[in-house]
Amino acid sequence: MNTRGVVVRRFAPAPRRAFLLTILMATLVAASGCTIDANTDSSAAAQNEQLPALLASSIETPPSNWPSNGRTPGEDRFSPLDQITDDNVAELGLAWSYDTGTDRGLEATPVVIDGVMYTTGSWSVVIALDAATGEERWRFDPGVDEIYDRIACCDVVNRGVAVYNGKVYVGVLDGRLIALDTYTGEPVWETMTVDQNKLYSVTGAPRIIKGQVIIGNGGAEYGVRGYVSAYDAETGELNWRFYTIPGDFMAPGTPKLPLDEAAMALAAETWGPDTLWEAGGGGTAWDSFAYDPELDLLYIGVGNGSPWNQQYRDPSGGDNLFLASIVALDPDDGTYVWHYQTTPGETWDYTATQQMILANLLIPGPDGGPGEMRKVIMQAPKNGFFYVIDRETGEFLSADNYVTVTWAESIDPQTGRPVEVPGARYENEAAYIRPAQLGGHNWQPMSFNPDTGLVYIPAQDNAIAWEHLPSWEFRENTFLAAARTRRSMEGHTFPDDGHLIAWDPVAQEPVWQVDYDNYWNGGTLSTAGNLVFQGTASGDFVAYRATDGEMLWQSWSRTGILGGPVSYEVDGTQYIAVMAGWGGAFATRSRNEGKIFAFALNGDAAEVAAGRLPAREAPEPIEQTADADTIAAGGELFTTWCAQCHGGGTTLPDLRYSDPEVYERYQQIVLAGERADRGMPPFGAELDLEQVRAISAWVIAQRNALGR
């Protein structure tokens, strides 16, 4: 069985690979247990005596359910169900499918409780389904204004709901937090979490911690100040709010909002006096949260700066806390406990909002000596390094690159800070940077299997050339890169590759790797059946053996898959379910059809092999009058100014398929804002007529190439 463009690579173990003893953290299911490799030495095996005491403190999560975004508060995305195994997974068939009726990106991880699935589609629509049949129980549309098609950075997506005490909670794209009745889908309460005069958006799934709804926000690219809020789950009343950067704490003459003064004072020391506070600072916590009930700590992942280019954001070159950081908070009042910054003074859009996983690992001692069991938090953020951090104290334990990295040589083992490559900050000339701004790993969730001790990362290898813009000026409510990015630089290649990496977090090395032709592939699910499931950009939903990466089963999804799969059980049957609908920051150029698929051993095997949607017909060619240099210049301008929204075909209009007369109106549309009421902002302050004509010429060249 083969998937197009897939290559599996397995890596030989190091001569004396450190033994990895992984156990379930305090939030995992005690019944799932822990196994020890038969090849481990006796001293390591003796550590197994610690397991009963550690597992005794576990919080029970019924194996049949998938009750929260990451299944457990520690966000491991591991299912202890083992009806479907590496021996019988080839017998999977389609149990049911549900048509979402959308052609935009679908990124949610469904929540399944007692036979009911709750999930979200485009435009923050909430759907409740019978988890055994796919029959719709109810559907709630919050009625988001279409202007948010422009305000949201990366498509009108939503990553799921939280369910608690008879209510379903959804963060809405326009900033609202809504509680719905689990049985009827009717609103119970609603509150606004952001200032709608700013270009905030909400796409992440809320979490429930100690009777509170935890929610962040996005919009750092458009000049906002990030924060995390906790609302009473019963009433919607705001309990506390933690700001991720100093912001108004620093700006003179502005009123102070409720703040954790100690944290803001600490952060303020890392920002300079000439900081461009008008740009908000950024630091939005738009996706990643985890919680340890034993330590009673809430962990948040913090995003990029605003603007991206630190030379404009803060010329002092300080660390700019808490950008690109993992921050531990007291969940009762939101006060700061500790932080670890993955990318000090970030200037490449290197967010640390990627998923965090909690686990207990046996960390080897110096020179391979006796190990010590550590409570850790693991993250593979955008910057390309995989981090293992002590989750009690924030102490750096280890890090190594899981993809090719050119901005830093390594992470200093003593300080935990990156050893940056000279010139990587593109102060004086363009810099070739890997990973690019989409990162070595983006929001697509990874998973951790306590039986194999491996983390399964949906990684990607991409590159960009960053260049300072000396004439940039701040403008409100615009995309604040303050830098030029392009995919061309003499002597360098610009890959677009994707990988599924099985990563050993103790040895800090890959065990096996599946290579794809495309990047922007889906999240992963690992199970006790020795399986890893992942969807791909090319439309495959695939099962691999968790121990060695052998592909055992695949299904056509008819469109690319981004979201994280889940596993659950109803009436003795184990299901594997996933949402299919490509989009987001890296849009599709094929037709899209939003679906939810559920598979089981007694499903319809014939449906698994169903064909794809027919390819889109090439448009009629248009006469090209521009020369080659103009077309090439237009391509670079398109990458810098247009590709963020129009880089594909269905998330927003694929410009190659425009009506012919549209190309003649680029001046009015792009410069003058003729279609501002439809979400297309004017770029008259950023581009001139000659540049717009070059962009038009490049798009026409791309259009004409479709028919060849």
Spans of strands (runs of 3 or more DSSP E) in segment 168-244 with at least 2 residues aromatic (Phe, Trp, Tyr): 227-232, 238-243
When residues of segment 668-682 are limited to those that are surrounded by fewer than 15 Cβ atoms within 10 Å (Cβ to Cβ) and either at pLDDT 80 or above or not assigned by TED's automatic domain parsing to the domain that holds VAL699 (or both), the one farthest from TYR148 (Cα to Cα): GLN668
Only one of ALA436, ALA482 that is under 29 Å from GLU75 (Cβ atoms), surrounded by 22 or more Cβ atoms within 10 Å (Cβ to Cβ) and of a type in the set (A, V, I, L, M, F, W, C): ALA436
Total residues in segment 62-73, condition surrounded by fewer than 24 Cβ atoms within 10 Å (Cβ to Cβ) and outside any loop (DSSP other than H, G, I, E, B): 0
Candidate set: segment 450-501, residues that are of a type in the set (Gly, Ala, Ser) and at pLDDT below 90; chosen: the one nearest to ILE363 (Cα to Cα): SER488
Selection from segment 74-115 of residues that are under 30 Å from TYR148 (Cα atoms) and surrounded by fewer than 24 Cβ atoms within 10 Å (Cβ to Cβ): SER97, TYR98, ASP99, THR100, GLY101, THR102, ASP103, ARG104
Wholly within segment 91-167, strands (runs of 3 or more DSSP E) carrying at least 2 residues that are polar (S, T, N, Q) and over 19 Å from GLY539 (Cβ atoms): 116-120
Output for segment 138-169, where each listed residue is more than 30 Å from VAL670 (Cα to Cα) and free of Cβ contacts under 8 Å to residues at least 24 places away in the same chain: ASP141, GLY166
Filter result for VAL172 (assigned by TED's automatic domain parsing to the domain that holds PRO445, within 23 Å of GLY583 (Cα to Cα) and touching a residue at least 40 places away in the same chain (Cβ under 8 Å)): yes
Count of segment 298-307 residues which are more than 15 Å from SER229 (Cα to Cα) and either touching a Phe, Trp or Tyr at 6+ places or on another chain (Cβ under 7 Å) or not assigned by TED's automatic domain parsing to the domain that holds THR393 (or both): 2
VAL403 being crowded, with 21+ Cβ neighbours inside 10 Å, touching a residue at least 12 places away in the same chain (Cβ under 8 Å) and either in the same structural domain as THR493 (by TED's automatic domain parsing) or not hydrophobic (A, V, I, L, M, F, W, C) (or both): yes
Failed item, numbered, when ASN521 is tested on (1) surrounded by fewer than 19 Cβ atoms within 10 Å (Cβ to Cβ); (2) in contact with a Ser or Thr (Cβ under 6 Å, 6 or more places away or on another chain): (1)
VAL506 vs. criteria crowded, with 19+ Cβ neighbours inside 10 Å, in the same structural domain as GLY440 (by TED's automatic domain parsing), more than 22 Å from the chain's Cα centre (by Cα) and not charged (D, E, K, R): yes
Segment 543-570 residues that are at positive phi and assigned by TED's automatic domain parsing to the domain that holds GLY121, paired with ones that are of a type in the set (Lys, Arg) and in a loop (DSSP other than H, G, I, E, B) (beta carbon under 7 Å, 6 or more apart): ARG558/ARG612
Tally of residues being of a type in the set (A, V, I, L, M, F, W, C) and either within 20 Å of ILE113 (Cβ to Cβ) or outside the structural domain of VAL161 (by TED's automatic domain parsing) (or both) across segment 178-214: 9
When residues of segment 313-347 are limited to those that are touching a residue at least 60 places away in the same chain (Cβ under 8 Å) and more than 30 Å from GLU409 (Cα to Cα), the one surrounded by the fewest Cβ atoms within 10 Å (Cβ to Cβ): ASP333
Residue within segment 488-497 that is buried (at least 21 other Cβ atoms within 10 Å of the Cβ) and acidic (Asp, Glu) present: no
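The values are calculated or read from the model by the stated rules, or taken from the named source; none is laboratory data. Quick caveat, the model's predicted, so the values are computed rather than measured. Note that we place each Cβ from the backbone using ideal geometry, even for glycine, and neighbour counts take in every protein chain shown.
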